[in-house]
Amino acid sequence: MTNFSDMLSKAKAMQEKMKDAQEQIKRIEVEGVSGGNLVKVILTGDYEIKSILISDEAKKEKQEIVNDLIIAAYNNAKENLKKKSAEELSKVTGGLNLPMDFKLPF
């Protein structure tokens, strides 16, 4: 029975580490760029846009192009956030590829 108790306590410790990692990830900020830095988007760890920076050069473009640049910069930031989040989770899980929303059964 000691092995089961030991496993249970390790699982609880892992759950706490996962909670800490998820809180750490929420505090991450990443940058996404498009059009050779014409547009930059700053994204927080919980996928909230913190800021959008549009260069004067980009402001001279048609609205449709600016919209596309913003979307591309956001998508770039989102990919950067996924990578950074995976790095943070990897620190906790020791390299196991667990999903961000992984929940232990208790």
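Take the Cβ atoms of LYS50 and LYS91, set R0 to 25 Å, and the FRET efficiency comes out at 0.60.
Using DSSP to define loop residues, name the trypsin sites (Lys or Arg not before Pro) in the range 15-96 whose beta-carbon has at most 13 other beta-carbon atoms within 10 Å. Taking the range 15-96 and a limit of 13 other Cβ atoms within 10 Å, the loop trypsin sites (Lys or Arg not before Pro) found are ARG27, LYS60, LYS62.
Dipole magnitude for the range 19-89: computed about the Cα centre from +1 point charges on Lys and Arg Cβ and -1 point charges on Asp and Glu Cβ, it is near 20 debye.
At full extension, LYS62 and SER9 could sit 13.2 nm farther apart than now, given 0.36 nm per residue minus the alpha carbon distance. Size of the range 19-89 from its Cα atoms: along the principal axes, largest to smallest, the extents are 45, 16, 15 Å. Here is the list for the range 1-75: GluC sites (Glu not before Pro) lying in DSSP coil, each with at most 12 other C-beta atoms within 10 angstrom of its C-beta, are GLU48.
Every number here is computed from the coordinates shown, using simple stated rules; none is lab data. What you are looking at is a predicted structure, and each value in this text was computed from that prediction instead of being measured. Reconstructed Cβ throughout: ideal geometry from the backbone, glycine too, with neighbour counts over all protein chains shown.
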